[in-house]
Amino acid sequence: MRRLERVVIIGLAGTRLVRAWRFERIGEPYREKATEWLMREASEDAPPSRKQARREWAEYLLNCPHCFGFWLTLSVAVLWRFRPARLVIEALAGAVIVSAFADHYPNFDLEDAG
């Protein structure tokens, strides 16, 4: 497979994962748990500490689709090196294409079907 094709597949797979994490209901419980875990010990009364600053930075990273997308796509690129992961990555790339069609064609999503 050519490098450009690999980059497109990895980019599409990363896009799908970011969309699921940040914008879809499937990622909601994980986002909430991650935020809760990060901010568990943070207190508004306490003076800002280095630990709290790191947690706030991590929360920002998880909630910024561009920041999180970069690191998640980098992870997908690393996973591409392992042959068994390629099928999942290719499926995620296909899923983002299907999602794009589902968003742009009338009566394609479940809410309009009923």
Margin query: Expected output is a single nm value to one decimal: the length gained when fully extending between ARG25 and ILE97, i.e. 0.36 nm times separation in residues minus the C-alpha distance. What is it?
Written below: 24.0 nm
Checklist line | Rg over Rh, two decimals, the stretch 3-108 (C-alpha only, Kirkwood Rh) | finding: 1.09
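Every read-out reported here was derived from the displayed coordinates using simple, explicitly stated rules and does not represent laboratory data. Just so you know, these numbers come straight off a predicted model, no measurement behind them.
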